[in-house]
Amino acid sequence: MGLTSGRAPLGHSGLPTPADFCLPPPCLIDTCGPDGCVGRLLYLASQVPDIHPLTEGVRLCLDVSLNEPFRVRHGTSIALQPKYLGNLCATALHLRHALELALWQRVSEDTSTPETVALVSLAAGRAGALYHDLLLARERALCSSFLPKTLRHAFSVLGGEPATLAGDLSIETVPRLAAALLPLQGIRDLLLDDFGWNSVRDKFLSAAEVAAPLDYLLTRGGDGRLVINPQTGLNGYGCSPRPRPWAITFSSSTATSVSDLAFRQAEMVRESLIKAALEEDLDGGFQRETERVRGQLAALYGSDSIAGTEIILTASGTDAELYALFLALEQPGDEVVNVVVAPDETGSGVLRAAGGRHFAPDTPFGGVVEVGAPVDGLPLDRVVLAEVGIRDDDARLLPPDMVDRQTVETVRKAGQRGSRVLLHYVDSSKTGVSAPTLTTILALQKLGYVDVVVDACQMRLDRHCLRRYLELGFLVLVTGSKFFTGPPFSGAVFVPPQIARRLDDGRRLPRGFSAYTSVHEWPGRWRAACSDLSRERNIGLLLRWNAALWEMRAFHAVPPAERYRALVSFGEAIRTAIRQSQNLEPLACAPPERALTCDRGEWDQLQTIFTFKVIKEGLPLTVVQCRRVYRWLNTNITRGLPPDATELEGHLAATRCHVGQPVKVGRIGGEHIGALRLSAGARLVSGAAHDRSLGPQPATRLTREIWDALTVLGKISLIMKYMDRLDEQGIAASGEPEGLSTLQDPQQNASRQKAHALEEIS
């Protein structure tokens, strides 16, 4: 019994081709005969979303004669021993390890030398060890009986952090580890002298960064918000670094789990880095891929046609605030008043970063720091932080002219005492609000002492609008992880030419920036300014940006008129459903102001974030209660239903629904009122245009997307009906853990089909 599948490479530039919208077809494995049950397990494991991309071009079969869990030959053939495949978790673990070994064999141009054979064994063993560590605790327990002691020991050594691996891997250890792993390639003995083993060790350590599963790498190079809860399989945003095709997702105002197709794109970039590592040029390969990301962003948003514009890659939009502040400190001795508009409507750490202070206890490169402490090298004695709110004490939106007056007054006071100003323009806040008015921003910029930074981190703006901001001389902060639904923690700063010139004199970046960034994230033009930064590689950031860029290209491949129609139809349906619900109360949101930057009829003039209070017994839920609802939405809560619950209620309770995190929208009785956000993202548009599994025509597909959103609202109503019971039953807000068993939920089989749908551009 076996499976074969072709490999369709994804393009690295331009808009996607039709082939780029195809995932490999489902694997076909003969489940008849005595090994039928094991064959079914192997089929299920091959369809695990983070494993499936690696099965392209590989033949799988069962072999009862093997002494080890599997054997890999020529990078294209994997035989697995049925006795080690006792359950889905064990099968997935061995298959993932085997596929990694096959990948390294394929990428290596010469697997005939003993050094290369040993190297690929160690590299694949490390990826297997890290995959084992990523499993939920109960899943690792299920693997225990089917993991030979030799592999268990190898995993314990190879699964460490790259920084500590060198200390754990002595020259005496390397041959013993190789002896445990080489049988997986059908090799029992390998003749290498001490020099050869030293060479293998050195090459392995230099390649260890990319000898890791993609879902592991996607959580690296950020901060604690990317850490996966081992009990749930999700991070603090409610996201997974693996695709979740079984979940209904409208969470782009906060963060989104990576999609199947974007995951596949990032996996192919990891393969290019593996090739570079095998050629002992990982640093060069990483730099080339980083420049390619910068080039794609510039081409997509037209900044490449504005001579002198530069792009800085950042781990997050919050990090980007530090760099905007530094660029505003133009002249030594000048005081800079950093005017942050709508601080409660942006990221939680923005105010600290805007003041030049550490905003989280851990950083992409610097380890543990003290939250609120100054970033070393930033002259905080020259920085004054000012805030302009956009809501009153009851969280009602202030009139735009009132926000404008507060902004003007703050800026003019700064000018009167000879200060420069860094003025924030919020293109779209957490709830979709823009402030202050662009007319006011342009008038203040003409004063001559005002730099403007656009907080466009939600990225709910058309590329022509972003280009116009750059033409006006605005700094623009963006991410690929909000509207465009890339994995969380992919940010960038577009620097217009008149501001970019400020670093051409070689002025060095503050030493404290080395905790957040390295020389690779900065344009080559500023190498002198980056002299105090390290050459560490943030591979996680690179891979997250590649996933986000895939989503951007998919969105921009849809004709503008289709984008507009899809978002208009979706918005009308959602607003109507929220108004008609007895459990929901919509919050007003003015459409974005685009008159000075875009033509009429662009998609970014539409509301795409729908914020609403949740009502129980006539009163809105507090923010604490909303957080429970938010978490219950994103998990299976069927255990909390009564015995007489209907079949429809059971279906809703089992459906995982991910929406934007709760926000504070007022007070009642001394407590903050909460609101939830259902957001349209780029995937809604590209899915309606291309996903033929949703229907034969775009209109039918969009109807399916709208139905998914209505399902979310239906589950909220269900939670309101049984909220007291859920509390009484002690249904944890974290709900049912999410792992490999999710694939076996009957409710999710239909949703899984959706992941294989984007076959071609209409």
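The values are calculated or read from the model by the stated rules, or taken from the named source; none is laboratory data. Bear in mind that the values here come from a model prediction, so they are computed numbers and not experimental data. In this analysis, Cβ positions are derived from the backbone assuming ideal geometry, glycine residues included, and neighbour counts consider all displayed protein chains. Keep in mind that these areas ignore ligands, DNA and RNA; they rest on the heavy atoms of the full protein, side chains included. Shrake-Rupley method; radii C 1.70, N 1.55, O 1.52, S 1.80 Å.
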Worksheet item: Which one of these does Pro436 not meet: (1) open to solvent by 60 Å² or more (accessible area, probe 1.4 Å); (2) within 19 Å of Thr346 (Cβ to Cβ)?
Response: (1)
Worksheet item: Here are some residues: His74, His97. Which one is open to solvent by less than 10 Å² (accessible area, probe 1.4 Å) and under 17 Å from Ser121 (Cα atoms)?
Response: His97
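Which of the residues belonging to segment 236-257 are hydrophobic (A, V, I, L, M, F, W, C) and not in a loop (DSSP other than H, G, I, E, B)?
Across segment 236-257, the qualifying residues are Ile248, Phe250.
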Fill in: Those strands (runs of 3 or more DSSP E) lying entirely in segment 603-719 with at least 1 residues of a type in the set (A, V, I, L, M) and closer than 24 Å to Glu562 by Cα
609-616, 671-679
Worksheet entry | Qualifying residue in segment 654-668 (condition: free of Cβ contacts under 8 Å to residues at least 60 places away in the same chain and open to solvent by less than 10 Å² (accessible area, probe 1.4 Å)) | no
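Scan segment 311-356 residue by residue and report those that are assigned to a loop (DSSP other than H, G, I, E, B) and either among the small types (Gly, Ala, Ser) or modelled with pLDDT of 90 or more (or both).
Initially, segment 311-356 is screened for residues assigned to a loop (DSSP other than H, G, I, E, B), giving 315-316, 329-335, 342, 346-349, 355-356.
Within segment 311-356, Ala315, Ser316, Leu329, Gly333, Glu335, Ala342, Gly347, Ser348, Gly349, Gly355, Gly356 qualify.
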Discussion item. Could you tell me how many of the residues in segment 404-442 are acidic (Asp, Glu), assigned to a helix (DSSP H, G or I) and within 22 Å of Gln605 (Cα to Cα)?
Written reply: 1
Response to the item:
Only unsatisfied item for Ala577, checking (1) within 28 Å of the chain's Cα centre (by Cα); (2) in contact (Cβ under 8 Å) with a residue 24 or more places away in the chain; (3) part of a helix (DSSP H, G or I), is (1)
Worksheet item: Mind checking which residues of segment 189-235 are of a type in the set (Ser, Thr, Tyr), within 17 Å of Gly159 (Cα to Cα) and outside any loop (DSSP other than H, G, I, E, B)?
Response: Ser206, Tyr216
Fill in: Members of segment 682-724 that are hydroxyl-bearing (Ser, Thr, Tyr), surrounded by fewer than 23 Cβ atoms within 10 Å (Cβ to Cβ) and farther than 19 Å from Val614 by Cβ
Ser693, Thr700, Thr703
Discussion item. Being within 21 Å of Gln607 (Cβ to Cβ) and in contact (Cβ under 8 Å) with a residue 60 or more places away in the chain: is that true of Phe555 here?
Written reply: yes
Fill in: Failed item, numbered, when Val375 is tested on (1) open to solvent by 40 Å² or more (accessible area, probe 1.4 Å); (2) at pLDDT 95 or above; (3) of a type outside the set (Gly, Ala, Ser)
(1)
Worksheet, complete the sentence: By residue number, the members of segment 82-94 that are closer than 11 Å to Leu62 by Cα and open to solvent by less than 10 Å² (accessible area, probe 1.4 Å) are Leu85
Worksheet item: Would you pick out the residues in segment 383-403 that are assigned to a loop (DSSP other than H, G, I, E, B), of a type outside the set (Val, Ile, Thr) and at negative phi?
Response: Gly389, Asp392, Asp393, Asp394, Arg396, Leu398, Pro399
Worksheet item: Among the residues of segment 488-545, which ones are within 21 Å of the chain's Cα centre (by Cα), outside any loop (DSSP other than H, G, I, E, B) and closer than 14 Å to Ile312 by Cα?
Response: Gly491, Ala492, Val493, Phe494, His520, Glu521, Leu541, Leu542, Trp545
Item to complete: Report, ordered by the first and then the second residue, all pairs with beta carbons closer than 7 Å, sequence separation of six or more or different chains, a first member in segment 76-95 that is within 16 Å of Gly739 (Cα to Cα), and a second member that is of a type in the set (Asp, Glu) and at pLDDT below 95.
Response: Cys89/Glu139
Discussion item. Here is a check on your reading of the model: is Val388 open to solvent by 40 Å² or more (accessible area, probe 1.4 Å) and modelled with pLDDT of 95 or more?
Written reply: no
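Here is a yes/no grid of residues against (1) touching a residue at least 24 places away in the same chain (Cβ under 8 Å); (2) not hydrophobic (A, V, I, L, M, F, W, C):
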residue	(1), (2)
Arg188	no, yes
Asn198	yes, yes
Lys203	yes, yes
Val227	no, no
Practice prompt. List the number of the failed condition for Val478; all other conditions in (1) part of a strand (DSSP E or B); (2) open to solvent by 10 Å² or more (accessible area, probe 1.4 Å); (3) hydrophobic (A, V, I, L, M, F, W, C) hold.
Written response: (2)
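Conditions (1) among the aliphatic types (A, V, I, L, M); (2) crowded, with 18+ Cβ neighbours inside 10 Å; (3) without any contact (Cβ under 8 Å) to a residue 60 or more places away in the chain, marked per residue:
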| position | (1), (2), (3) |
| --- | --- |
| Lys149 | no, no, yes |
| Phe155 | no, yes, yes |
| Gly160 | no, yes, yes |
| Ile171 | yes, no, yes |
| Ala178 | yes, yes, no |
Item to complete: Give me a count of the residues in segment 394-407 that are more than 28 Å from Pro332 (Cβ to Cβ) and either within 34 Å of the chain's Cα centre (by Cα) or of a type in the set (Val, Ile, Thr) (or both).
Response: 7
Worksheet item: Does segment 357-382 hold any residues that are without any contact (Cβ under 8 Å) to a residue 24 or more places away in the chain, touching a Gly at 6+ places or on another chain (Cβ under 9 Å) and in a strand (DSSP E or B), and which are they?
Response: Arg357
